[in-house]
Amino acid sequence: MQTMRAPRLRFAPSPTGYLHVGGARTALFNWALARRLGGTFILRIEDTDRQRSEQVYVEAILDAMRWLGLDWDEGPDVGGAAGPYFQMERLDLYRRAAEDLLARNLAYRCICPAREDAETSSPVTCSCAARTVSASEGGALRFRTPAEGQVTFLDLIHGDMSFPCADLEDFVLLKADGVPTYNFAAVVDDAGMQITHVVRGDDHLSNTPKQVLIYQALGYETPAFAHIPMILGPDRKRLSKRHGAVSIQQFREDGYLPEALTNYLARLGWAHGDMELFDLEELVAVFSLEGVGKAPAVFDYDKLAWAQAAWLKRLPPQELRDRLLPWFEAAGLPVAVDEPARLEALIQTLVPRSVTLDDLVRQARFYFDVPLDWDEEASGKVLVSAVVPILRALAERLATLADWSPAPIEDAFRTLASELGIKAGAVIQPARVALTGRTASPGMFEVAALLGRDLTLKRLEASLSKVTEGVLQG
RNA sequence: GGCCCCAUGGUCUAGCGGUUAGGACAUCGCCCUUUCAAGGCGGUAACACGGGUUCGAAUCCCGUUGGGGCUACCA
């Protein structure tokens, strides 16, 4: 029956916080399935929790969605573009549906006080269970759950589900202030928006029978459900801030690529054979709910880092350079915009040594004509007086080198070493510390070439005086 | 407590009755090498347990254990 309807999916976050990885993955699966099926993807903001919902979170969520590359298709016209739907702008819909249920005696008003001890394990019995409470006005509206029978529905991941009505209480549809609860608003909207596939977290599985009851009471066809496994922390508890970064915004600020995030997230709870590295387009080409597992997945920061490093290498050099530009500026490094090729080249020397963009830019510092970030301990060991004649000789040769490029530079280093009867490393390592301030760096000849003759000689001189002063002092 | 879901190496997973149980991350070793990485090659490491069903179970069924979720006028 669902097959006759055009596929329509949605992601329905509530703006009570930033978009976290769990929500992002739910959004990703919905988006990927919608695209795969050639259907429609809708974004709906579930802002019915007036206490916790905030506008900044709405903006942050939209921002994160766009950054990840998850675009939505429809919604109220917002300056020419399709904005998301907001439940607080649709209160009439829920009230009308509520009145319908009330009129047909499928719901009733309840004036018993709100129960406050939800945390205690012992169930609180509401006097409404007697189903005789009624008040012409005020109070909350409760659904009249059938005393007997089974609620059944299809879950594309878990199979046919069946719950006894007797286990379900008379849940609230409308709060006393007229605002709908999650279960009610979600159903009215999913039905009204003709959603065909409800893909959401496993934590909603227990809510589904209640929702199916509402669909039936309202006379709507039920969609197919797909409850995807939760994402846990290393301690197998629900993933939260205490486990580390969890919001998409945080990962973005830390310098992760959206490609790495969507790639890694897709592989949490979903697999397609041995496929590990892929972009959104490649994901859409093969995505299916059949590949989604049932067991909860532990978020692995190490594997995310691996995916990130892999994407750093996968991105076209030019593209990576463009994305890095703002990071260089933020770091206060004097990027010469008229030397895009040089920038691109120096970035590439750092790609195999970096994970995040922030990480890469930090390591790029020595390539610029700014004070060196000296690793004093290392330089103290390497830049000793014995090294002075070596670096002095090296500087002389480099000063007159005809062609300033890696191969001739390497030749100069090696020739000098053999003439002095020492190992190449005995020249290279002191030079490395002199040019970069540390003992670990990209290839020395590439570094010198990118640094340019002037800066190279300047750094060599600076090191020589540094050693001399050190000797005088020591 | 009640109800529900889940269970392959440390982690993400492939497997959909017959496989030397495959891949990836991590880890260990070797190679490459001017350092650090990256890369290449190789190693250690898993079917939670107990019963069935079957000629044959990681695969199907039932228990046990373990983990997760729901049980709000939160979503």
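The values are calculated or read from the model by the stated rules, or taken from the named source; none is laboratory data. Predicted model, so just to flag it, every value in this text is computed and none were measured. So basically every Cβ, Gly included, is an ideal-geometry build from the backbone, and we count neighbours across all protein chains shown.
Surrounded by 12 or more Cβ atoms within 10 Å (Cβ to Cβ) and under 25 Å from A:ASP202 (Cα atoms) - does that describe any residue in segment A:314-329?
No, every residue in segment A:314-329 fails to be surrounded by 12 or more Cβ atoms within 10 Å (Cβ to Cβ) and under 25 Å from A:ASP202 (Cα atoms).
State which residue is nearest to the chain's Cα centre (by Cα) when the search covers only segment A:162-185 and only residues that are more than 18 Å from A:ALA217 (Cβ to Cβ) and not small (Gly, Ala, Ser).
If we take residues in segment A:162-185 being more than 18 Å from A:ALA217 (Cβ to Cβ) and not small (Gly, Ala, Ser), then A:VAL179 is nearest to the chain's Cα centre (by Cα).
Using beta carbons and a limit of 9 Å, which pairs, at least six apart or on different chains, have the first residue in segment A:304-319 and free of Cβ contacts under 8 Å to residues at least 12 places away in the same chain and on the phi < 0 side of the Ramachandran plot and the second one more than 8 Å from RNA strand B (Cβ to nearest atom) and not in a helix (DSSP H, G or I)?
A:TRP306/A:VAL355
Name the one entry in A:SER441, A:SER418 that is under 28 Å from A:VAL361 (Cα atoms) and among the small types (Gly, Ala, Ser).
Numbers: A:SER418 fails: under 28 Å from A:VAL361 (Cα atoms).
The unique qualifying residue is A:SER441.
Out of all the residues in segment A:162-176, is one or more within 24 Å of A:SER288 (Cβ to Cβ), touching a strand residue (DSSP E or B) at 6+ places or on another chain (Cβ under 6 Å) and of a type in the set (Asp, Glu)?
Here is the first cut: in segment A:162-176, the ones within 24 Å of A:SER288 (Cβ to Cβ) are none.
No, because not a single residue in segment A:162-176 is within 24 Å of A:SER288 (Cβ to Cβ), touching a strand residue (DSSP E or B) at 6+ places or on another chain (Cβ under 6 Å) and of a type in the set (Asp, Glu).
Can A:THR468 be described as of a type in the set (Val, Ile, Thr), at pLDDT below 95 and either more than 10 Å from RNA strand B (Cβ to nearest atom) or buried (at least 18 other Cβ atoms within 10 Å of the Cβ) (or both)?
Against the criterion (of a type in the set (Val, Ile, Thr), at pLDDT below 95 and either more than 10 Å from RNA strand B (Cβ to nearest atom) or buried (at least 18 other Cβ atoms within 10 Å of the Cβ) (or both)), A:THR468 qualifies.
Would you confirm whether any residue within segment A:202-214 is of a type outside the set (Phe, Trp, Tyr), outside any helix (DSSP H, G or I) and touching a Pro at 6+ places or on another chain (Cβ under 8 Å)?
First pass over segment A:202-214, keeping only residues of a type outside the set (Phe, Trp, Tyr): A:202-214.
When the remaining residues are screened for being outside any helix (DSSP H, G or I), the result is none.
Looking for residues that are of a type outside the set (Phe, Trp, Tyr), outside any helix (DSSP H, G or I) and touching a Pro at 6+ places or on another chain (Cβ under 8 Å), one finds none in segment A:202-214, hence no.
Consider only pairs whose beta carbons are under 9 Å apart and that are at least six residues apart or on different chains; among these, list those whose first residue lies in segment A:153-167 and is small (Gly, Ala, Ser) and whose second residue is part of a strand (DSSP E or B).
A:SER162/A:GLN150; A:SER162/A:VAL151; A:SER162/A:THR152; A:SER162/A:PHE153
Here is a list: A:THR125, A:THR152. Which entry is modelled with pLDDT of 95 or more and either crowded, with 18+ Cβ neighbours inside 10 Å or out of contact with any Gly (no Cβ under 8 Å at 6 or more places or on another chain) (or both)?
Values: A:THR125 fails: modelled with pLDDT of 95 or more.
None of the other options fit; the residue is A:THR152.
Looking only at residues in segment A:189-201 that are assigned to a helix (DSSP H, G or I) and touching a strand residue (DSSP E or B) at 6+ places or on another chain (Cβ under 7 Å), which one is nearest to A:PHE153 (Cα to Cα)? Don't jump to the end; show me each part of the working.
Step one: of segment A:189-201, the residues assigned to a helix (DSSP H, G or I) are A:189-192.
After this cut, where a residue has to be touching a strand residue (DSSP E or B) at 6+ places or on another chain (Cβ under 7 Å) as well, the list is A:189-190.
Details: A:ASP189: 18, A:ASP190: 15 Å.
Going through the qualifying residues, I end up with A:ASP190.
Please identify the pairs in which a residue from segment A:420-431 that is polar (S, T, N, Q) has its Cβ atom under 8 Å from the Cβ atom of a residue that is surrounded by fewer than 18 Cβ atoms within 10 Å (Cβ to Cβ), counting only partners at least 6 apart or on another chain.
Sorted first by the residue in segment A:420-431, then by its partner, the pairs are A:GLN429/A:THR439.
With the requirement that a residue be over 16 Å from A:PRO442 (Cβ atoms) and surrounded by 17 or more Cβ atoms within 10 Å (Cβ to Cβ), what does segment A:334-357 give you?
Those that are over 16 Å from A:PRO442 (Cβ atoms) and surrounded by 17 or more Cβ atoms within 10 Å (Cβ to Cβ): A:VAL335, A:THR356, A:LEU357.
For segment A:251-284, what are the residues that are surrounded by fewer than 18 Cβ atoms within 10 Å (Cβ to Cβ) and of a type in the set (Val, Ile, Thr)?
Correct list: A:VAL284 only.
Any chance you could count how many residues in segment A:398-438 are closer than 20 Å to A:ASP454 by Cβ and hydroxyl-bearing (Ser, Thr, Tyr)?
So the count comes out to 3.
Restricting attention to segment A:294-323, which residues are near RNA strand B (Cβ under 9 Å from one of its atoms) and closer than 30 Å to A:GLU339 by Cβ?
Applying the first criterion (near RNA strand B (Cβ under 9 Å from one of its atoms)) to segment A:294-323 yields A:294-307, A:309-310, A:313.
Within segment A:294-323, A:ALA309, A:ALA310, A:LYS313 qualify.
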